[in-house]
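What follows is a single structure, written as structure tokens, with notes after it.
The values are calculated or read from the model by the stated rules, or taken from the named source; none is laboratory data. These figures come from a predicted structure and were not determined experimentally. Ideal geometry is used to build each Cβ from the backbone, glycine not excepted, and the neighbour counts take in all protein chains shown. Protein only, heavy atoms only, side chains kept; ligands, DNA and RNA dropped before computing areas. Shrake-Rupley method; radii C 1.70, N 1.55, O 1.52, S 1.80 Å.
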Amino acid sequence: MITSIILVILSTLVYIFVYRLSKPKLENFPPGPPSLPIWGGYWFLLLANYNFTHKAVEVLSRRYKSDLVGIMLGRTPTVLVTGHDLVKETLTRQEFIGRIDCYPNRFRSMGDLLGVIFTSGDYWRQQRRFALRQLRDFGFGRRFPTTEQMLESEVRNLIGQISSNPHPDNHTLVEERTKTFSDDHHGDFLDTYISNMQRLGKGGGPSGSFNEMQMIWTAIDFFFPSPNVIGPSLNMLWARLCNHPEVQAKIQTEIEQVVGRARLPNLDDRKNMPYTEAVIRESLRIDPVLPINTARRVLEDTTLGGYSLPKGTCLLISLSSANRDRRVWTDPDVFKPERFLDADGNLLKKDIGLSFGGGKRLCPGETFSRHAMFLVLSGLLQNFTFVPVDGAPDPNGTMYGFICDIPPFWVDAVSR
């Protein structure tokens, strides 16, 4: 009995000593969990939600009743950013556009920090300008006739595949059918490259998180984002539509009124199809492919939301929380395209969703992705109605490392 009491007292003293020793000593830092040995506060992220980092972030935000939560990831001070207004501010402020310098980023670039996604400073600006200049000729950031023709050709091919070569049970596997831009357009090297990047993008470890401790201890999983975010976006959109036949019907009515059946919808029709566009906006809002924006680094001592952020602080910005902030969105967990329409059914001019990030690090593929989603969605619904098979598909998504996607599921494509 006495031995047990002594052990309890000693354990308590050791815990208090470790807690005080490891507690961050940062003035006016956002509230958050203590920093424990080895992994700091990463343990508390895992405890909050082991599989879904964006959900873990939201749990800690509620626990500490703050849109900003301070946490130590190893020795790196990190701030979890939630809420629409603070997320938007963080994405657009100049002092928050840095990237973290870590082993996996250097390992994948032979010891250097290369490319656009994980670099900062003058090198990043030069690479970004070059990349955007080249990508404009492929429809990134502006309309480009050649790319539009390619997209429309792919939609025709997709319709033809579904019509002429259905599954023996008359089902269509969504992941395969929405793997847009068919392999016929890629050489062997590019095919291998894209496949590897998609595998790496979905190959994250526990919690799917993008932070220092995860990258140090699971360095093989590079957490490199897949270049094809259109596929996951479309997969989740189809899941939503299969559970909302009334939404499919409204899109089909709009297609009949604007386009008819003589030709496929094109991008010139997009401005005259507000409901279809609202469906795309709502799908991107409620199911962002990247629930947590790529980690940022604070470039200078500054403040955010009344708290002090020292230079070098890591920022994990929750796009998911911004898109479901109840202070901005009514019934944020409900799929409701009408939220993007005015009383007369016209599309609201401004989309305040933040699924593609913001500021100078805004995803350069946003325009291209929206174009592609419109053409695939309108083209397929002009020709088919999609019905779930063996129960409704799960629209909540499954986290694969850095990318949020859902497992493949079967649907019936009913010709119209």
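Examine segment 141-154 for a residue that is closer than 23 Å to residue 289 by Cα and at pLDDT below 75, and state whether such a residue exists. Among the residues of segment 141-154, at least one is closer than 23 Å to residue 289 by Cα and at pLDDT below 75, which makes the answer yes.
Candidates are the residues of segment 241-269 that are touching a Leu at 6+ places or on another chain (Cβ under 9 Å) and assigned to a helix (DSSP H, G or I); the one that is farthest from residue 326 (Cα to Cα) is 255. In segment 32-45, the residues that are under 15 Å from residue 57 (Cα atoms) form Cβ pairs under 6 Å with partners that are among the small types (Gly, Ala, Ser) and open to solvent by less than 30 Å² (accessible area, probe 1.4 Å), at six or more places apart or across chains, as follows: 32/70; 33/41; 41/35; 45/56.
Just to be sure, is residue 369 of a type in the set (Gly, Ala, Ser), at pLDDT below 90 and open to solvent by less than 40 Å² (accessible area, probe 1.4 Å)? For residue 369, the condition - of a type in the set (Gly, Ala, Ser), at pLDDT below 90 and open to solvent by less than 40 Å² (accessible area, probe 1.4 Å) - is met. Among residues of segment 251-269 that are in contact (Cβ under 8 Å) with a residue 24 or more places away in the chain, those with a Cβ under 8 angstrom from a residue that is acidic (Asp, Glu) and part of a loop (DSSP other than H, G, I, E, B), sequence gap 6+ or separate chain, pair up as 259/269.
Just so you know, in segment 72-100 the residues that are of a type in the set (Lys, Arg) and over 23 Å from residue 40 (Cβ atoms) include one that is surrounded by the most Cβ atoms within 10 Å (Cβ to Cβ), and it is 88. Of everything in segment 338-361 that is touching a residue at least 60 places away in the same chain (Cβ under 8 Å) and of a type in the set (A, V, I, L, M), the residue that is least open to solvent (accessible area, probe 1.4 Å) is 354. Just checking, how many residues over segment 382-411 are under 23 Å from the mean Cα position of the chain (by Cα) and either crowded, with 18+ Cβ neighbours inside 10 Å or modelled with pLDDT of 65 or more (or both)? Number of matching residues: 14. The test for being open to solvent by less than 50 Å² (accessible area, probe 1.4 Å), free of Cβ contacts under 8 Å to residues at least 24 places away in the same chain and of a type in the set (Ser, Thr, Tyr) does not hold for residue 120.
Close contacts from segment 296-310, counting a first residue that is open to solvent by 70 Å² or more (accessible area, probe 1.4 Å) and a second that is not in a strand (DSSP E or B), with Cβ to Cβ under 7 Å and a gap of 6+ residues or different chains, come to 300/95; 300/311; 301/310; 301/311. Filtering segment 106-120 to residues that are more than 23 Å from residue 96 (Cβ to Cβ) and among the charged types (D, E, K, R) leaves 108, 112. Scanning segment 255-274 for residues that are open to solvent by less than 20 Å² (accessible area, probe 1.4 Å) and not β-branched (Val, Ile, Thr) yields 260, 265, 267, 269, 273.
Within segment 126-140, restricting attention to residues that are modelled with pLDDT under 80 and in a helix (DSSP H, G or I), the residue that is surrounded by the fewest Cβ atoms within 10 Å (Cβ to Cβ) is 137. Looking only at residues that are open to solvent by 50 Å² or more (accessible area, probe 1.4 Å) and without any contact (Cβ under 8 Å) to a residue 12 or more places away in the chain in segment 101-113, which one is farthest from residue 329 (Cα to Cα)? Per the criteria, the residue is 110. Taking the residues in segment 65-76 that are part of a loop (DSSP other than H, G, I, E, B) and not charged (D, E, K, R) as candidates, determine which candidate is modelled with the lowest pLDDT. Once the filter is applied, the top-ranked residue is 74. Please verify whether residue 62 is part of a helix (DSSP H, G or I), at pLDDT 95 or above, surrounded by fewer than 18 Cβ atoms within 10 Å (Cβ to Cβ) and out of contact with any Pro (no Cβ under 7 Å at 6 or more places or on another chain), treating the condition exactly as stated. Against the criterion (part of a helix (DSSP H, G or I), at pLDDT 95 or above, surrounded by fewer than 18 Cβ atoms within 10 Å (Cβ to Cβ) and out of contact with any Pro (no Cβ under 7 Å at 6 or more places or on another chain)), residue 62 qualifies.
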